[in-house]
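Remarks on the structure that follows.
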Ligand SMILES: [Zn+2]
Ligand SMILES: [Zn+2]
């Protein structure tokens with residue numbers, strides 16, 4: 001019975017010398033040691049002053065994108 005090749009992992013191998021969990025990560029992220037996807041860091045924030053809203057379109061969050069569209073400012 002083989003054990004997963006990842007350090008500190010004692011689960012039995014499912015495929016490619018990795019356990020089910022680490023094999024799943026290899027498929028999803030291309031690296032069995034990544035827990036979270038990297039794109040978390042690249043989330044953009046609204047350009048409106050003092051707004052931390054997540055960007056929806058044209059650099060603004062849903063609320064400010066709507067305001068910017070209604071007022072017609074570019
Ligand atoms: Zn493992
Ligand atoms: Zn905003």
What is the distance, in nm, between label points placed 7 Å from the Cα along the Cα-to-Cβ direction at residue 62 and at residue 2?
4.7
Two-site FRET efficiency, residue 71 against residue 9, from Cβ-Cβ distance with R₀ of 35 Å, rounded to 0.05
0.05
Hey, what angle do you get for helix 20-29 against the long axis of the chain, alpha-carbon based, 0 to 90 degrees rounded to 10?
40
Principal axes of the chain: Cα extent on each, largest first, Å:
67, 19, 13
Would you mind checking the tilt of helix 62-71 against the longest principal axis of the Cα atoms of the chain, expressed as 0 to 90 degrees and rounded to 10?
20
Would you compute, from DSSP H runs of 4+ residues alone, the mean residue ellipticity of the chain at 222 nm, taking -39500 (n - 2.57) per run and dividing by the full residue count, rounded to the nearest 500?
-8000 deg cm²/dmol
If you average the sequence gap of Cα pairs under 8 Å that are 6 or more apart and divide by the length of the chain, what percent do you get for the contact order?
14
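Since every read-out is calculated from the coordinates, none of them should be taken as a lab result. For clarity, every value in this text was computed on a predicted model and none was experimentally measured. Note that we place each Cβ from the backbone using ideal geometry, even for glycine, and neighbour counts take in every protein chain shown.
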